[in-house]
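Just below is one structure, and these are the notes that go with it.
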Amino acid sequence: MRIFLILLCMVIAMPLYAQSALSMTEAAQGIYVHQGKHELPDTTNHGAIANIGFIVGDRCVAVIDTGGNPDEGMALKQSIQKITSKPVCYVINTHVHPDHIYGNIAFKMRGVQFIGHKNLARAMAARAQFYLDRAAEQIAVDLKPENLIPPDKAVNGHMKIDLGGRVLELTAHAAAHTDNDLTVYDPATETLWMSDLLFIRHLPVIDGSLLGWLKEIKALEKRSFKIVIPGHGPIVSDWPKSLQPEKQYLETLQQEIRALIKSGKFIEEAIETVGYQFKDQWLLFDQFHRKNVTAAFAELEWEE
């Protein structure tokens, strides 16, 4: 046991990326994305599984999500410095999940403002102790309170930020994937950074509201975008076609669970029967589907 603890401490102390730059894809002019892996966060990937990146304006740079550990944040910072000499002025966290916010500390410096949904600070505070307690065990990262940086500016509805010749439109959504989802739209390239409101290939994960998520999806699919960047999975350019698998999965959960509830069935039966026709269509289905059914049933059970 003593040897295991020593080895774990050594792993935690080692730089995960040695601050080398991440691989980046230019999704549209001046918009750079690092695509994460379809994996659960663990002690091998250290939580670095989400799509993260940045947008370059004439004056400065907006970072969109910072990664699953502090060293991934530093590696993202290195990537920015390789591509542009313009300073970072904003860090936008799209929601509270660790794979999107644990790299924040890399950008905590003078002149940088952190932005998030109006509910993000509360969500961070509510989950902080759990995140701190579990980081070493789950992702082999020594997480400290200063790594959890809440927003300086909260988005309630809509907000515009100017990067110099490039104005981004931020939208705070109602409860969906979480209750603190934020999207970023760049009118110049008609690109929507949708983050975890859109999953491609990776099973969608409900940590907010099934009904709310479907409502947001139905509003967004009516809009036109040239490029959409999901929180997990490849960048897409066939909107809204690329949204349909997620929509179909969530709608099926809604329909099948409602039918069970109407017939007097209980959550145990829903967990064992609902939605299994999608098993071979999504990665990480076994890891998340039962949790999704549980969350959806708890929500739909109290519908009027």
**Size-normalised alpha-carbon gyration radius of the stretch 15-239, reference 2.2 N^0.38 Å** = 0.92
**Prompt:** Computed from the mean reciprocal separation of all distinct C-alpha pairs, what Kirkwood hydrodynamic radius does the stretch 25-86 have, in Å?
**Reply:** 12.1 Å
**Request:** Within 10 Å, count the other beta carbons around each residue, average over each peptide in 134-145, 179-190, 67-78, 237-248, and list them highest first.
**Result:** 67-78, 179-190, 134-145, 237-248
**Cβ-derived FRET efficiency at R0 25 Å, Lys37 paired with Lys160, nearest 0.05** = 0.15
**Request:** About the Cα centre of the chain, how large is the charge dipole given +1 on each Lys and Arg Cβ and -1 on each Asp and Glu Cβ? Please answer in debye to the nearest 20.
**Result:** 760 debye
**Asked** Going 7 Å from the Cα of Gln81 in the Cα-to-Cβ direction, what parts of the stretch 108-123 have a backbone nitrogen less than 15 Å from that spot?
**Response** 108-110
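Counting each DSSP H run of 4 or more residues in the chain as -39500 (n - 2.57), what helix-only mean residue ellipticity at 222 nm follows after dividing by all residues, to the nearest 500 deg cm²/dmol?
The helix-only estimate for the chain comes to -10500 deg cm²/dmol at 222 nm.
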**Asked** How far, in nm, would the chain grow between Glu137 and Asp238 when pulled straight, counting 0.36 nm per residue and subtracting the alpha carbon separation?
**Response** 32.4 nm
**Asked** Can you give the FRET efficiency for Ser224 and Gln255, using 1/(1 + (r/R0)^6), R0 = 35 Å, r = Cβ-Cβ distance, to the nearest 0.05?
**Response** 0.80
**Message:** Report, in listed order, any pair from Lys241/Lys279; Lys153/Lys222; Lys160/Lys247 with a Cα-Cα distance greater than 22 Å.
**Reply:** Lys153/Lys222; Lys160/Lys247
**Request:** Using R₀ = 25 Å, calculate the FRET efficiency as 1/(1 + (r/R₀)^6) where r is the Cβ-Cβ separation of Ser23 and Arg201; round to 0.05.
**Result:** 0.85
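Just so you know, all these numbers are worked out from the coordinates, no wet-lab data involved. Here the structure is a predicted model, which means the values were calculated and not measured. Please note: Cβ atoms are built from the backbone with ideal geometry, for glycine as well, and neighbour counts cover all protein chains shown.
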